[in-house]
Amino acid sequence: MEETTNIEPELVESLSDSFEVVPNAHLGEISWEAGIGGRLRPDAILDAVVAGREIAFVVETRGDVFPRDAREIVWQLKRYLRELDSPNRRYVPMILARSVSEGARDFLQEEQVAYHDLSGSLFVSVDETFVLIERPKPKRAKRRAMNVFKGTRALVLHALFDRPGEWVSGSEIAENAGVSAATVSETFKDLERRDWLDVRGEGPAKRRRLIRPDVLLDAWRDSILASRASRRSRYYVPRLKPEDMAREIEGDNYDDDFDLEFTGQFAAQAYTPFLSNVSDLTVRAFGKRTHDWLISTLGAREVSEGANLVVIDAKSMKQRHGMYDEQKRLLASPLQVYLDLLEDHGRSKEMAEHLRSQKLVWQ
């Protein structure tokens, strides 16, 4: 069994609680790792009554289940059912897990495979009986799922989004993102489990391709909106509007010696005009030296309110695919601008969705 040692009692208790709200349903005896012929041993066989009818759930237990996991588990459950085929007893395949992702839930419902997770979600379809209780994933599972969108793993996602539809190797992405091969490998595994990557080949010839980028970006957006906003330094620059500040930075030839790019409303307005004007300038600064130079050049002072300059201390990718505006000022990539806007205030979220509809569209 995978990751089940400490969760079996919790899962069974949660399943029992869910059954209590289903009319004419209750759980009976449970047999762990019951032999069913040869070496086949499902994690459990659970006697139950559903709608007044006696059945036996053939159970596999897991931690977190994503679509790829679900397909593998269903294949295994069907092997068990072939051995258990009996006219005297109704066997129903079931997955018990800490969490079952939305994609996995859809797949299991199509396959008529019962499932339950710690959120209290329950699906059972037996002949004319249909039970569906849908609840959000447990908070623990949500936190785990969000990890792929943070830190160095997020750099891997940026590199993949730079090459949508292309078959790429792990080493290419590691080089583009400026991260280790181990980080790329871990991120790839996570994305494959969610069915966001296609895979072909083996060994050194193995290649991946980003698929369903809109679904991945939805999940990225949701993780940002559900998380605490990342730290941003806020400053006030006297007598200068955002355009004036950008011109002042440009005038000091920042691109020769310092590493920064414009993002937020200022960059979004350059990509896809949306507002009549923007109230602040947001800059991604790569490294303390650049941050300090920026503040000194503009004569900025840190404030708790009334800021017109926002600085994000960022990690740099080896290849950042932004663009220069007409004044030769480097803008963050549309993807990065979109993500930064989601953490901003005012009408930034509206600007984010406008930018996405115009610049982040894939066939």
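The values are calculated or read from the model by the stated rules, or taken from the named source; none is laboratory data. Just so it is clear, the structure is predicted and the values come from calculations on it, not from any experiment. Cβ sites come from the backbone with ideal geometry, for glycine too, and all protein chains shown count toward neighbours.
If the condition is being closer than 17 Å to A246 by Cβ and among the acidic types (D, E), then segment 261-319 contributes E261, D280.
Kindly state which strands (runs of 3 or more DSSP E) lie completely within segment 218-292 and contain at least 3 residues that are over 23 Å from K359 (Cα atoms). Break it down stepwise before answering.
Numbers: elements: 233-236, 260-263, 281-285.
Filter on segment 218-292 gives 233-236.
Can you name the strands (runs of 3 or more DSSP E) wholly within segment 43-158 that have at least 2 residues being crowded, with 20+ Cβ neighbours inside 10 Å? Show your work before the answer.
Details: elements: 44-50, 53-65, 91-100, 114-117, 122-126, 129-133.
Correct list: 44-50, 53-65, 91-100, 114-117, 122-126.
Can you name the residue in segment 221-244 that is touching a Phe, Trp or Tyr at 6+ places or on another chain (Cβ under 9 Å) and within 22 Å of F266 (Cβ to Cβ) and is also surrounded by the fewest Cβ atoms within 10 Å (Cβ to Cβ) among such residues? Spell out how you get there, then give the answer.
Residues of segment 221-244 touching a Phe, Trp or Tyr at 6+ places or on another chain (Cβ under 9 Å): 221, 223-224, 227, 242-243.
Now restrict to residues that are within 22 Å of F266 (Cβ to Cβ): 221, 224, 242-243.
Working: R221: 18, I224: 20, P242: 21, E243: 14.
Taking the candidates together, the pick is E243.
A residue that is in the same structural domain as G346 (by TED's automatic domain parsing), surrounded by fewer than 21 Cβ atoms within 10 Å (Cβ to Cβ) and in a strand (DSSP E or B) can be found somewhere in segment 293-307.
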